[in-house]
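Chemist: Before I ask anything, let me first share the structure, which is written out below as structure tokens.
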Amino acid sequence: MDHLLECEVDPTVEAFCEQPIRIQYKHQGVRRSYTPDLLIFDRTPPHEIREVKPERKAAEPENERRWPAIGEALNSLGFSFQVYTERHLRIRKATVRAIFRDRHAPLPSPEVLAAIEVGLGQDSVTIGEACARFSLTRQQVHALIRKLFFQLADFDAPLGPDCPIRLGPGLTRWSGRNQYLDI
């Protein structure tokens with residue numbers, strides 16, 4: 001679940017689908033089938049198939065032997081393959097949970113959103129600087145990250161006043177429409 005929430009706020013993820021396909025692959029001369037956990041549609045291909053497992057399960061000898069065969073089969077279909085474990089989620093877990101905890105904070109007015117878009121351009125600022133420059137609360141910044149109006153410049157940086165952010169794709173989609181998108 002933590003990884004799905006992370007995908008929701010990752011600006012490189014356009015969309016994702018759980019257990020999207022079933023493939024056949026050969027491992028140790030035996031034909032086997034495999035259903036991956038996630039298909040990630042990246043904003044820039046190749047799209048990625050992900051398996052999410054506890055580290056102890058992912059590192060079991062049988063799994064360690066079959067991951068390369070599964071990866072090869074998926075690569076032949078044009079997908080990259082990655083096994084995610086709690087190691088990948090440990091730093092991001094607190095960040096993602098804070099963003100989702102504050103996702104219902106009241107969003108700023110369309111005028112403030114327009115000022116943010118013009119005022120930031122391609123620049124990165126810290127959460128603290130964004131709050132000061134645009135009279136935002138920390139909760140509002142988190143809600144704007146959830147809607148992809150802002151994106152984390154460094155997903156692995158701890159979420160706090162010194163965390164760098166920049167404009168996200170949600171603000172670009174909203175721009176000029178004078179309405180909020182339900183992203």
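Chemist: Show me the trypsin sites (Lys or Arg not before Pro) within segment 29-112 that DSSP assigns to loop and that have at most 13 other Cβ atoms within 10 Å of their Cβ.
Modeler: Details: sites: R31, R32, R43, R50, R56, K57, R65, R66, R87, R90, R92, K93, R97, R101, R103; in loops: R43, R103.
Answer by residue number: R43.
Chemist: Using the Karplus curve 6.51 cos²θ - 1.76 cosθ + 1.60 with θ = phi - 60°, work out ³J(HN,Hα) for each residue of segment 48-55 in order, rounded to whole Hz, and write x for Gly and Pro.
Modeler: In residue order, the calculated couplings are 10, 9, 10, 10, 10, 9, x, 3 Hz.
Chemist: 5 Å is the cut-off here: which amide hydrogens, built 1.01 Å from N in the peptide plane, fall below it relative to F16, excluding neighbours closer than 5 in sequence?
Modeler: It is F41, by chain and number.
Chemist: Something else now. Picking from A73, S33, G121, whose Cα lies most toward the positive end of the charge dipole for segment 32-183 (charges on Cβ: Lys, Arg +1; Asp, Glu -1)?
Modeler: Farthest towards the positive end: S33.
Chemist: Mind putting a number on the dipole of segment 67-172 about its Cα centre? Charges go on the C-beta only, +1 for Lys and Arg and -1 for Asp and Glu, and I need it in Debye to the nearest 20.
Modeler: Values: 12 positive and 10 negative charges, 88 e Å.
Roughly 420 debye, rounded to the nearest 20.
Chemist: Hey, what number do you get for the chain at 222 nm if only DSSP H runs of n ≥ 4 count, each worth -39500 (n - 2.57), divided across all residues, to the nearest 500?
Modeler: -12500 deg cm²/dmol
Chemist: Calculate, in whole percent, how much of the Cα-Cα pair population of segment 43-170 lies beyond 26 Å. Write out the running numbers ahead of the final one.
Modeler: Values: 3215 of 8128 pairs.
Roughly 40 percent, rounded to a whole number.
Chemist: OK, next. Return the long-range amide H neighbours of I49 (sequence gap of 5 or more, or a different chain), with a cut-off of under 5 Å between placed amide H atoms.
Modeler: I40, S80, F81, Q82
Chemist: Then there is this: Over the chain, what percent of the accessible surface lies on carbon and sulfur atoms, probe 1.4 Å? All intermediate terms of the calculation are to be shown ahead of the outcome.
Modeler: On the way: 4970 of 9840 Å².
Carbon and sulfur atoms account for 50 percent of the accessible area of the chain.
Chemist: For the chain, what does the relative contact order come out to in percent, with C-alpha contacts under 8 Å and a separation of six or more?
Modeler: Values: 284 pairs, mean separation 33.0, N = 183.
With pairs under 8 Å counted, the relative contact order is 18 percent.
Chemist: Quote the charge dipole size of the chain about the Cα centre in Debye, to the nearest 20; the model charges only the Cβ of Lys and Arg (+1) and of Asp and Glu (-1).
Modeler: Numbers: 25 positive and 25 negative charges, 92 e Å.
With Lys and Arg at +1 and Asp and Glu at -1, about 440 debye.
Chemist: Could you do me a favour and compute the accessible area per residue for the chain, 1.4 Å probe, result in Å²? Display every interim value, and only then the final one.
Modeler: Details: 9840 Å² over 183 residues.
Result: 54 Å² per residue.
Chemist: Using the crude model of +1 on Lys and Arg Cβ and -1 on Asp and Glu Cβ, and no other charge, please compute the dipole size for segment 1-75 relative to its Cα centre, in debye to 20.
Modeler: Working: 11 positive and 15 negative charges, 126 e Å.
Roughly 600 debye, rounded to the nearest 20.
Chemist: At 1.306 mPa s and 10 °C, plugging the Kirkwood radius over alpha-carbon pairs of segment 2-69 into Stokes-Einstein gives what diffusion coefficient in µm²/s? Mind dumping the intermediate values first?
Modeler: Values: Rh = 13.4 Å.
Roughly 119 µm²/s, to the nearest whole number.
The values are calculated or read from the model by the stated rules, or taken from the named source; none is laboratory data. Just so it is clear, the model here is predicted, and its values are computed rather than measured. Counting neighbours? That spans all protein chains shown, and the Cβs are built from the backbone with ideal geometry, glycine included. Note: areas computed on protein heavy atoms with side chains; ligands, DNA, RNA excluded. Shrake-Rupley method; radii C 1.70, N 1.55, O 1.52, S 1.80 Å.
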